[in-house]
Amino acid sequence: MSDDHTHVQEFFSARAAEWDRRFPDDGPAYAAAVAELGLREGDRVLDAGCGTGRALTPLRAAVGPTGVVVGADLTPAMLEAAVGAGRDRDGRLLLADVTALPLRSQSLDAVFGAGLISHLPEPAENLRELARVVRPGGVLALFHPIGRAALAARQGRQITPEDLRAEANLRPLLAGSGWHMTSYTDEAARFLALAVREG
């Protein structure tokens, strides 16, 4: 396991048990972001880096009982918290690295990634891996329940020009990874970038 992965696991393992209590009001933002994916009954969707599974319930509601919802995360403690919250009823939980998914190529209709991009060790390569598992025309949502400025303030830092989530950086990063960005929102209440799988 790479140092990047070890750091991510250590960071989230230490916070897993309290994660949902620290951010109790994020549910509506998750539901609104999932709604913008445009999922249909029977669709197959991955919550990449699902953490405690806060997106799984709205994802299940969007794809219905005939759809497939998978939540993949690198950190066992986060998946345990998802089970503890009963979210395993809304999707299959998978202990997996989203940079090397154990999924067939073009097997999904969409990927939802909350807070994901800042934890990817090789963003261009890792976004290509997400593109691999999505059919052409499928959708990617990169989401955070607060915007870049609010997140930076919460973390006691400044936004830098190198921030991957800045539109000027994210658009070409996605384009070079098999995605075409279709919308970009960065406001106090949320960050959401939507992209369509090319090809």
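The values are calculated or read from the model by the stated rules, or taken from the named source; none is laboratory data. Not measured: the values here are computed from a predicted model. All Cβ positions, even for glycine, are placed from backbone atoms using ideal geometry, and neighbour counts span all protein chains on display. For the accessible areas, the whole protein counts, side chains as well, though only heavy atoms, and no ligand, DNA or RNA atoms are used. Shrake-Rupley method; radii C 1.70, N 1.55, O 1.52, S 1.80 Å.
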Q: Quick one: net charge around LEU170, please, counting Lys, Arg +1 and Asp, Glu -1 for every other residue with C-beta under 12 Å from its C-beta.
A: -1
Q.
So if the hydrodynamic radius of the stretch 113-199 is defined as the Kirkwood radius over C-alpha pairs, what does Stokes-Einstein give as its diffusion coefficient at 37 °C and 0.692 mPa s, in µm² per second?
A. 251
Q: Mind checking the full-extension length gain between GLU125 and ALA31? Use 0.36 nm per residue of separation minus the Cα-Cα distance, one decimal, nm.
A: 31.0 nm
Q: Would you please classify the overall shape of the chain from the alpha carbon gyration tensor, given that a ≥ b ≥ c denote the square roots of the eigenvalues, rounded means a/c under 1.5, and beyond that prolate means a/b larger than b/c while oblate covers the rest?
A: rounded
**Q.** Nitroxide proxy distance, nm - points 7 Å out along Cα→Cβ at GLU80 and ALA189
**A.** 3.7
(Q) For the pair ALA149/VAL196, report the inter-label distance in nm, with labels modelled 7 Å from Cα in the Cβ direction. (A) 3.1
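Count neighbours as other Cβ atoms within 10 Å of each site's Cβ, and list the trypsin sites (Lys or Arg not before Pro) in the stretch 99-171 that are DSSP loop with at most 14 such neighbours.
Counting only loop positions with at most 14 other Cβ atoms within 10 Å, the trypsin sites (Lys or Arg not before Pro) in the stretch 99-171 are ARG104, ARG157.
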Q: Take the alpha-carbon centre of the stretch 55-83, take the same for the stretch 108-133, and report the distance between them in whole Å.
A: 16
Q.
How large a share of the accessible area of the stretch 85-199, in percent, is made up of carbon and sulfur atoms when the probe is 1.4 Å and the other protein chains stay in place?
A. 50
Q: State whether the stretch 154-199 is rounded, prolate or oblate according to the following rule on the C-alpha gyration tensor (a ≥ b ≥ c being the square roots of its eigenvalues): a/c under 1.5 gives rounded; otherwise a/b larger than b/c gives prolate, and the remaining case gives oblate.
A: oblate
Q) So, how do all the Cα-to-Cα distances of the stretch 76-157 break down into 10 Å bins, in percent, from 0 on up? A) 15, 39, 36, 9, 0
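Have a look at the DSSP beta bridges in the chain and tell me what percent are antiparallel, nearest 5.
Given both bridge residues lie in the chain, the antiparallel proportion sits at roughly 45 percent.
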